Amino acid sequence: MRFRIAILAVLLCCGFSALLAFQARFKEYTGEEDNPTAVPGDAFEQTEWTFARLRYPSGRYAGYSGERGSWPTDFPKADRQFLQGVRRLTRIHTRSSEQVIDLINDPDEIFNWPWVYAVEVGHWDLTDAQCKLLREYLLRGGFLMVDDFHGTFEWDVFTQSMSRIFPDRTIVELPNADPIFHTVYDLDQRVQVPGLQYLYSGRLYEKDGTIPHWRAIYDDDGRVMVAMCFNQDDGDAWEHADNPQYEAKYTSQAYRLGINYIVYSMTH
Amino acid sequence: MFELLFKYPLAVFSKGKFVLLSGWPVWLLILLIVLAAGGLFWNMRQRHGILSKTRSTIVWLAQTALIALLLLMLWHPAISVARLRPQENVVAVLVDHSRSMGIADDGKPRLQNAEDLLDNQLLPDLSKRFQVRLYEFGRDAVRIDLSNTGQVRGLAADDNATRIGDSLKHIASEAGTMPLGAIVVLSDGGDNTGGIDRETIEQLRQLRIPVHTIGFGPDHFAKDIEIVDVDSPARALAQSRVSARVAIRQHGFAGQKVKLMVRENDHPVAEQEILLKPDAEQSETIVFNAGPPGAHSFQIGVTPVAGEENAQNNSVVRLVNVTPKKMRILYMEGEPRWEYKFIRRALEDDPSIELVTILRTTQNKIYRQGTADAHELEAGFPTKAEELFKYDGLIIGSVEASYFSNEQQAIIRDFADRRGGGVLFLAGRFALSEGGYTKSPLAEMMPLRLTGEKNWSRDFATVSLTDAGRESVICRIEEERDQNIARWQKMPQVANYDVLGAPKPGAVVLMNVAEAGHRPTPLLATQNYGHGRVGIFATAGSWRWKMLQDHTDRTHSMFWSQLLRWLVTETPGPVLSSTPHQVLSDDTHVPLRVSVRDKDFQTVSGATVQTTISRPDGGSDTIELRPDPLEPGMYTGEYTADKPGTYVAETSARQDKTDLGRDALTFRREDGVAENFGAAQNRDLLEKLSSDTGGSYYTPSNARKLSGEVAVSEAGITAHDNLDIWDMPIVFLLVILIRGGEWLLRRKWGVV
């Protein structure tokens, strides 16, 4: 009898550890979707890469988008539409659905996804533990792309958390010669990619963010760890790529920039 | 006892020929034996009923045997044998006076035992029938003058080496000037050249000179640990881990733990505890860092243990030439994936490896990294052998076989086979079976069989070391062996893998992979292919060893660094020099071999090849090497290392005005060490020497028989003697036994 119990316990342990070992699969965030679309048929396919969106807390800055926070802005339509482009334009093995990396409830999952996208980081508010985790993630070789934050206030909010992730590293402007602008497409000539609001306001910029910046934090070997698309909104360009009013030149640059950043993160 | 029964020594029968001297025909003998047997059989049938059938047959056999024996004796049997004519032949007696003969096994040095045997028995006996020439030998044979006292006294066991083969060759060369009938060798058989060369044995056989040997010393020491051999690489890349395979022989220390150590200039480089096994010989692997560029001399062995009879044979010196060269590896990847990024990162800080990569980012674009200039690999993967052969190693990732043209597939195969480079295949959705390699000529060079089934899985799986993997430097991520094994057991799982088939003959599987509940399949396998090496790493998920461990953890980079160092360390340049023994133990002779190839790594026959050797005293010598007529592209030469110390040989090859390449080689002469090894009697060597030349092996206690047997020889001045054997005591004994036996049986059966 004891022997049978021991065997059962071992089998249960094996099964449990096997479950733990699996990478998280696709999961819907129905109540938090900003621009819902149908779940693609291949949502659960295991692929080399997919669009990993960071689910971070907005904390003190949650007023902008309510309780759900700012992390799902453009979600999931932007993600899935951009994924179509990645699949069509590159040889990257990807599925058509995004993967949400839940920094709040399942933070360690991030280590299975070396490329992560965070939107509206002008409204994030990370805890010390989350800052520490992101620092470790980036030092191991992870890559963080942040997008869609504008003006002085949002920059300050962003850097409040960012400077706790890397108090010892400075944020610098990316030079045109940096390989990140040349992995697939040569992007020496870049324009400010506006959010959808420009269709109504006629302004390319938001708040006081008139000048677009492509900034970064480098590691000790000169590789970009964090890429910042400041005063621009590539997420909207992906999301509204199928909108006849949204100009193709912005969508085109957003797709090219996104692909360059992904391929860069997979080569450097 | 043998001679008592058979009248002559055994050698007479083994070397002689049986003859019948009566002159009567042999058929008559056979006919008479048959008639006698028939008559006896008829007689037995007439008396049927007195004895049972079995008993009658026994009596008939005994009577037939007796008559056959007596008839045979009437035909005058004899042994025809060549024997040295008394006082007309020379017997050369060689006494080993190397240092090992000074060992006192039973309170008296071996050499003194040999002197006593010679003076008290052997020389007086031999001198009665032959002229005796006495030699002492170590490195070479030197004649001893016996004219004054006629006795051997005062020999010193002071020669640092034993070269039985060279000494025999010397004596055999004198056979043309004197009637040399036999050679007698008194030695412990501790030859330092690794045996007696075939050429010497053939020469002795052609001259028909038998070599009789008398062995001194025990077969092994009661308490001793000896390093029999150390197999370590001659070349390494800077700061590489290298492994040395150490063969250890011990007696009297089974079950004891000792320290296996590697030292350089008396500083410990690596150490590990080993358990001495009950078997006399065992093999252990120790891993150590080869250090910075330059010639390194490592002392490898076991620390002496209290009670050892000979502590001088516990370590040997091995040279490792650490090259400052940066080896270039071309990595072709067919799709962006994390493995590519993390392999590149792993090699970034490696001072010895330069990774040049081509990545297919889109259907019609490639992205190059690590190239020397903007033009390198501009057109993609090389299409000519000359272009590909510039690299030392090649990694093929998730690239369909059809991406490569037939010509490209041929040069990839030649890259390992002819150029001697290393090729590593990675798994992926376009690699191996998935990539159509099963039907490609490249499948032949892989160490694992491709199943042809598409088994690429993106599920998590556990990696485990095989027995070979536990000993391999590729998988050594912790210095100490047991810690390394424990470390691998805690390694994060890989996220994908390919199920491959069984290893091919000659392949070595270092790692296995298995999902929970599945059978393990090979993950990392290697094999030699032609002049080069080929490996398969059946995953693209090792990047999780980096992402799932602390950022300071170096496991991932160490593994890749070691795997790729294995891939390229042995990759030769167009000019490659070598010598059989980089450490010359009490030897001066340095044979040099240089292989010369062109840019396509085809052999070059008409090259000018020169080697400049820097001596330990600061001077240098230059020698020109000659083409080897039997091996195209090979050039050979010989050098004499006059002084102990380290020598550096730099070879350059030119053809017309074209510089074909250069190579450097280090060797070292060490004096006073050879005799410390193999100090017990090498009886196998002495017995083989005797049997190969038609002589016999003796121990000191039965050496008195030698003087009788030494006369049986076909060398020197001989006479063929017919030695009667009808009067051998054994014949009379047989007659009595047969007749007496029959009588006793009859008495027992009551029919006398």
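No value in this document is a laboratory result; all are computed from the given coordinates. Everything numeric in this text was worked out from a predicted model, so none of it was measured. Because the Cβ atoms are built from the backbone with ideal geometry, glycine has one as well, and the counts that use them run over all protein chains shown.
Just subtract the alpha-carbon distance of B:Lys454 and B:Thr383 from 0.36 nm times their residue separation and send over the number in nm, one decimal.
Computed gain between B:Lys454 and B:Thr383 is 22.7 nm.
If you take the square roots of the eigenvalues of the alpha-carbon gyration tensor of region B:604-686 and sort them as a ≥ b ≥ c, do you get rounded (a/c under 1.5), prolate (a/b over b/c) or oblate?
Oblate.
When Cβ neighbours within 10 Å are restricted to other protein chains, what is their mean count per residue of peptide A:221-227? Provide the component values of the computation, followed by the final result.
On the way: counts 3, 0, 3, 0, 0, 0, 0.
That average works out to 1.
Normalised by the residues of chain B, what does the relative contact order come to in percent, with Cα pairs under 8 Å and at least six apart?
Worked out over chain B, it gives 16 percent.
Cα extents of region B:249-379 along the three principal axes, largest first, in whole Å?
The Cα atoms of region B:249-379 stretch 73, 30, 19 Å along the principal axes, largest first.
Partner chain Cβ atoms within 10 Å, averaged over the residues of A:256-266 - can you pull that number for me?
3
How about region A:56-86: which chymotrypsin sites (Phe, Trp or Tyr not before Pro) there are in a DSSP loop, with at most 12 other Cβ atoms within 10 Å of their Cβ?
none
Starting from the 7 Å offset along Cα-to-Cβ, what nm value, one decimal, do you get for the label separation of B:Ala254 and A:Arg215?
About 7.5 nm separates the two model spin labels.
Once a ≥ b ≥ c are taken as the square roots of the eigenvalues of the Cα gyration tensor of chain A, is the result rounded (a/c under 1.5), prolate (a/b larger than b/c) or oblate (a/b not larger than b/c)?
Details: a/c = 1.70, a/b = 1.56, b/c = 1.09.
In terms of gyration-tensor shape, prolate.
Of all alpha-carbon pairs in region B:113-226, indicate the percentage at a distance above 21 angstrom.
That fraction is 41 percent.
Which values, in whole Å and largest first, are the semi-axes of the equivalent ellipsoid of region A:147-268 obtained as the square root of 5 times each eigenvalue of the Cα gyration tensor?
Value: 24, 19, 11 Å, ordered largest first.
Nearest 0.05, what FRET efficiency do B:Gln363 and B:His589 give at R0 = 51 Å with Cβ-Cβ as r?
Efficiency, from the Cβ-Cβ distance: 0.25.
Express as a percent, rounded to the nearest 5, the fraction of DSSP beta bridges in the protein assembly as shown (both residues included) that run antiparallel.
65
So how do B:Met446, B:Met558 line up by other beta-carbon neighbours within 10 Å, fewest first?
B:Met558, B:Met446
What is the Cα centroid distance between region B:632-646 and region B:250-283, reported in whole angstrom?
Taking the Cα centre of each part, region B:632-646 and region B:250-283 sit 33 Å apart.
Cα centroid distance between region A:71-138 and region B:393-425, in Å?
Cα centres, region A:71-138 to region B:393-425: 37 Å.
With each run of n ≥ 4 DSSP H residues scored as -39500 (n - 2.57), what mean residue ellipticity at 222 nm is computed for chain A after dividing by its residue count and rounding to the nearest 500 deg cm²/dmol?
-10500 deg cm²/dmol
Within region B:420-470, list the GluC sites (Glu not before Pro) lying in a DSSP loop whose Cβ has at most 10 other Cβ atoms in a 10 Å radius.
Details: sites: B:Glu434, B:Glu444, B:Glu453; in loops: B:Glu434, B:Glu453.
Hits after loop and neighbour filter: nothing returned.
Which length gain, in nm to one decimal place, applies between B:Gln131 and B:Trp743 when the Cα-Cα distance is subtracted from 0.36 nm times their residue separation?
Numbers: separation 612, 0.36 × 612 = 220.32 nm, distance 5.34 nm.
Here the answer is 215.0 nm.
So for region B:442-541, averaging the separation of alpha carbon pairs under 8 Å that are six or more residues apart and normalising by length, what relative contact order in percent results?
Relative contact order, region B:442-541: 34 percent.
Defining a contact as two alpha carbons under 8 Å apart and six or more residues distant in sequence, what relative contact order in percent does region A:192-243 show?
This gives 40 percent for region A:192-243.
Name the shape class, rounded, prolate or oblate, that the alpha-carbon gyration tensor gives for region B:447-576, where a ≥ b ≥ c are the square roots of its eigenvalues, rounded holds for a/c under 1.5, and otherwise prolate holds if a/b is larger than b/c and oblate otherwise.
Judged from the Cα gyration tensor, region B:447-576 comes out oblate (a/c at least 1.5, b/c at or above a/b).
So for the pair B:Leu72, B:Asn265, with labels modelled 7 Å out along Cα→Cβ, what separation do we get in nm?
7.7
Would you mind getting me the FRET efficiency between B:Thr603 and A:Asp186? Use the beta-carbon distance for r and R0 = 45 Å, nearest 0.05.
Numbers: r = 46 Å, r/R0 = 1.03.
The calculated FRET efficiency here is 0.45.
May I ask you to sort B:Lys748, B:Lys7 by Cβ crowding, counting other Cβ atoms within 10 Å and putting the fewest first?
With the sparsest Cβ surroundings first, the list reads B:Lys748, B:Lys7.
Taking H as built 1.01 Å from N, whose amide H comes closer than 5 Å to the amide H of B:Tyr135, not counting residues under 5 places away?
Excluding prolines and chain starts, which carry no amide H, the hits are B:Val93, B:Leu94, B:Val95, B:Ile144.
How far apart, in nm, are the 7 Å Cα→Cβ label points at A:Ala38 and B:Leu32?
Label at A:Ala38, label at B:Leu32, 11.7 nm between them.
Hey, can you grab everything whose amide H is under 5 Å from the amide H of B:Asp188? Only 5+ residues off in sequence or another chain; H modelled, so Pro and N-termini drop out.
Answer set, sorted by chain and number: B:Phe216.
Inside 10 Å of the C-beta atoms of B:364-371, what's the mean count of C-beta atoms belonging to other chains?
2
Please compute the length gained on full extension between B:Arg626 and B:Ser405, using 0.36 nm multiplied by the number of residues separating them and subtracting their Cα-Cα distance.
Full extension of this stretch gives 75.5 nm more.
Among residues other than B:Gly708 whose Cβ falls under 12 Å from its Cβ, what is the net charge (Lys/Arg +1, Asp/Glu -1)?
Net of charged neighbours comes to +3.
Estimate the FRET efficiency between B:Arg487 and B:His518 by the formula 1/(1 + (r/R0)^6), using the beta-carbon distance for r and 22 Å for R0, to the nearest 0.05.
Working: r = 23 Å, r/R0 = 1.06.
Using R0 = 22 Å, I get an efficiency of 0.40.
Loop-only chymotrypsin sites (Phe, Trp or Tyr not before Pro) in region B:5-88, please: DSSP not H, G, I, E or B, and at most 11 other Cβ atoms within 10 Å.
Working: sites: B:Phe6, B:Phe13, B:Phe18, B:Trp27, B:Phe41, B:Trp42, B:Trp60, B:Trp75; in loops: B:Trp75.
Loop-located and lightly packed - none at all.
Fewest to most neighbouring Cβ within 10 Å: what's the order for B:Glu376, B:Glu624, B:Glu115?
Listing B:Glu376, B:Glu624, B:Glu115 from fewest to most nearby Cβ atoms yields B:Glu624, B:Glu376, B:Glu115.
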